[in-house]
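This report refers to the structure that appears directly beneath it.
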């Protein structure tokens, strides 16, 4: 099965930083597992995830919004498939609809918005008799934010999995999408 994983993250990180390397590692791990990646298609974490996936032979989708970001020169070089949106809202919803699961890397307001829309999609899915798409967050900032929002709204179980780094995020999202593929420990038997 070729799942599409939407990855959200900061547009401000640069090559050579640990956050860039982590995002690139996430792209590599998802591509090695046969999953496609979808991002906002521009720079920063979006570029790093795209680069990692593309250099590993994975499918890379970029959902861009040129009229919202006219100062950007276009999608990053590792995006193979471009989906163009007219507004930021349309862009986010296209990413949400396209994906089978989501990973939110550290980021700012844009990443926060994507995370909240994915979280809401997950929250309302059962009301429409649909399967809730898995959502994994990386970073203590998201963990604290989710806890605060959940407490404020009275959401007992936000249904979001926290991961410490790119490797654990890839493992968590793939395990959620492929529960039967997770090896069972039989060492005690």
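If a residue has to be under 23 Å from residue 179 (Cα atoms), touching a residue at least 40 places away in the same chain (Cβ under 8 Å) and buried (at least 23 other Cβ atoms within 10 Å of the Cβ) to count, how many in the stretch 9-28 make the cut?
Restricting attention to the stretch 9-28, the residues satisfying the condition of being under 23 Å from residue 179 (Cα atoms) are 25-28.
Those left that are additionally touching a residue at least 40 places away in the same chain (Cβ under 8 Å): 25-26.
Add one more test, that the residue is buried (at least 23 other Cβ atoms within 10 Å of the Cβ), and what stays is 26.
Adding up the residues that qualify gives 1.
Assessment of the stretch 86-94 against the conditions (assigned to a loop (DSSP other than H, G, I, E, B) and more than 15 Å from the chain's Cα centre (by Cα)) yields at least one matching residue. In summary, residue 74 fulfils each of the numbered conditions (1) out of contact with any helix residue (DSSP H, G or I) (no Cβ under 8 Å at 6 or more places or on another chain); (2) more than 17 Å from residue 49 (Cα to Cα); (3) assigned to a loop (DSSP other than H, G, I, E, B) with the single exception of condition (2). If you check residue 137 against the conditions, is it under 21 Å from residue 25 (Cα atoms), outside any helix (DSSP H, G or I) and touching a helix residue (DSSP H, G or I) at 6+ places or on another chain (Cβ under 8 Å)? Taking the combined requirement at face value, the residue satisfies it.
Going by the conditions given, is residue 97 surrounded by fewer than 16 Cβ atoms within 10 Å (Cβ to Cβ), modelled with pLDDT under 95 and at negative phi?
Details: surrounded by fewer than 16 Cβ atoms within 10 Å (Cβ to Cβ): yes; modelled with pLDDT under 95: no; at negative phi: yes.
Here the answer is no, as residue 97 does not meet what is asked.
Screening residue 38 with (1) surrounded by 24 or more Cβ atoms within 10 Å (Cβ to Cβ); (2) free of Cβ contacts under 8 Å to residues at least 40 places away in the same chain; (3) not in a loop (DSSP other than H, G, I, E, B) gives one miss only, at (2).
Taking the listed residues 49, 117, 103, 79, the one that is in contact with a helix residue (DSSP H, G or I) (Cβ under 7 Å, 6 or more places away or on another chain) and either assigned to a loop (DSSP other than H, G, I, E, B) or modelled with pLDDT under 95 (or both) is 79, with no other qualifying.
Taking residue 124 as the residue in question, decide whether it is over 22 Å from residue 32 (Cα atoms) and either modelled with pLDDT under 90 or out of contact with any strand residue (DSSP E or B) (no Cβ under 7 Å at 6 or more places or on another chain) (or both).
On the way: over 22 Å from residue 32 (Cα atoms): yes; either modelled with pLDDT under 90 or out of contact with any strand residue (DSSP E or B) (no Cβ under 7 Å at 6 or more places or on another chain) (or both): yes.
Yes.
Before we move on, is residue 58 more than 14 Å from the chain's Cα centre (by Cα), crowded, with 22+ Cβ neighbours inside 10 Å and within 24 Å of residue 176 (Cα to Cα)? Walk me through how you get there before you give the answer.
Numbers: more than 14 Å from the chain's Cα centre (by Cα): yes; crowded, with 22+ Cβ neighbours inside 10 Å: yes; within 24 Å of residue 176 (Cα to Cα): yes.
Taking the combined requirement at face value, the residue satisfies it.
The values are calculated or read from the model by the stated rules, or taken from the named source; none is laboratory data. As the structure is a computational prediction, the values presented were derived from the model and not from experiment. Don't worry about glycine lacking a Cβ; one is built from the backbone with ideal geometry, like all the others, and counts go over all protein chains shown.
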